[in-house]
Number of protein chains: 2
Amino acid sequence: MEKIGILLLGHGSSLPYNKELVEETANMLRKKHEIIVHTAFLNKDTPTIQEALKELVNDGTKIIVALPLFLAHGVHTLHDIPAQLGIKNNERKTTIKYGDNHVELFYAEPLGADPVIAEIAYQRAREALRW
Amino acid sequence: MEKIGILLLGHGSSLPYNKELVEETANMLRKKHEIIVHTAFLNKDTPTIQEALKELVNDGTKIIVALPLFLAHGVHTLHDIPAQLGIKNNERKTTIKYGDNHVELFYAEPLGADPVIAEIAYQRAREALRW
């Protein structure tokens, strides 16, 4: 089987919390699924998407899944991130070349509305009230 | 018991997906917990936070929990939303007055890193690859 890696993408922020969220989530994925996970950020934080793609390719990854850690689609997930990945609008896949390396790059959907996310939100409401 | 309502807060967007996410999540909360949930948006979408607070108060809600549907803290959750709620930096609670009504307003934390969110992300990666 070809070597697969996940590129977990965050929004980035002038504050540390988005980067912490993305790195903690990457650690959860590495631990539970024993997969290669790199992180990258659209704004402010590093590595950039280009830097992280290059690292994954240099590590011998042949199939990369770019996975946006966003709740919903928006301008970032539909335009800004695909532009940086080199994926055309409305497409979900491309092939990238670095020297002699050809890598298949797939682009995943954001999280979306989900009952378990609603339940986490509900717990946050209860905690705020000490309900 | 005093009447409690949740004000579920979204980022807002020029595209419809953030509003859809917030409204679907609000419906999940209403259905599962039989609670009052109103939605509001920081940018672009409506109702605004001020409009939704007023509606909740007019409906007789005495305790409001403002619940940010964001993955992590950032400038929006730490500065922009508290400013619109009238909650001081580093505080989580205030009392608001509309005419003769006094309402207790609490401010909840965002979702945060969570193993179940990591699992949803992992499913999105698998779907992208048809793994």
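The values are calculated or read from the model by the stated rules, or taken from the named source; none is laboratory data. Computed from a prediction, not measured in an experiment: that's the story for all the values here. Note that we place each Cβ from the backbone using ideal geometry, even for glycine, and neighbour counts take in every protein chain shown. Please note that ligands, DNA and RNA were not included when accessible areas were found on the heavy atoms of the full protein model with its side chains. Shrake-Rupley method; radii C 1.70, N 1.55, O 1.52, S 1.80 Å.
See the values below:
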quantity: Qualifying residues in segment B:37-49 (those that are within 13 Å of chain A (Cβ to nearest Cβ) and open to solvent by less than 10 Å² (accessible area, probe 1.4 Å)) - the one farthest from A:His73 (Cα to Cα); calculated: B:Val37
quantity: Scope segment B:74-109; condition at the interface with chain A (Cβ under 7 Å from one of its Cβ atoms) and either crowded, with 20+ Cβ neighbours inside 10 Å or in a strand (DSSP E or B) (or both); matching residues; calculated: B:Gly74, B:Phe106, B:Tyr107, B:Ala108
quantity: Residue list for segment A:4-44, restricted to those being over 20 Å from B:Leu111 (Cα atoms) and touching a residue at least 40 places away in the same chain (Cβ under 8 Å); calculated: A:Ile4, A:Gly5, A:Ile6, A:Leu7, A:Leu42
quantity: Residues satisfying the stated conditions in segment A:101-115, i.e. under 16 Å from A:Lys3 (Cα atoms) and of a type in the set (Asp, Glu); calculated: A:Glu104
quantity: Qualifying residue in segment A:50-73 (condition: within 12 Å of chain B (Cβ to nearest Cβ), outside any loop (DSSP other than H, G, I, E, B) and more than 22 Å from B:Asp114 (Cβ to Cβ)); calculated: yes
quantity: Residue check, B:Glu34 out of contact with any Asp or Glu (no Cβ under 8 Å at 6 or more places or on another chain), open to solvent by 40 Å² or more (accessible area, probe 1.4 Å) and within 9 Å of chain A (Cβ to nearest Cβ); calculated: no
quantity: Residue within segment B:112-131 that is assigned to a helix (DSSP H, G or I), more than 7 Å from chain A (Cβ to nearest Cβ), at pLDDT 95 or above and closer than 20 Å to B:Val22 by Cβ present; calculated: no
quantity: Test: residue in segment B:50-70 that is surrounded by 18 or more Cβ atoms within 10 Å (Cβ to Cβ) and free of Cβ contacts under 8 Å to residues at least 12 places away in the same chain; calculated: no
quantity: Which numbered condition B:Lys88 misses (of (1) at pLDDT below 95; (2) on the phi > 0 side of the Ramachandran plot); calculated: (2)
quantity: Residues (more than 7 Å from chain B (Cβ to nearest Cβ), open to solvent by less than 10 Å² (accessible area, probe 1.4 Å) and farther than 16 Å from B:His76 by Cα) located in segment A:9-31; calculated: A:Leu9, A:Val22, A:Ala26
quantity: Per-region count, segment B:102-131, residues under 19 Å from B:Thr48 (Cβ atoms) and over 15 Å from the mean Cα position of the chain (by Cα); calculated: 1
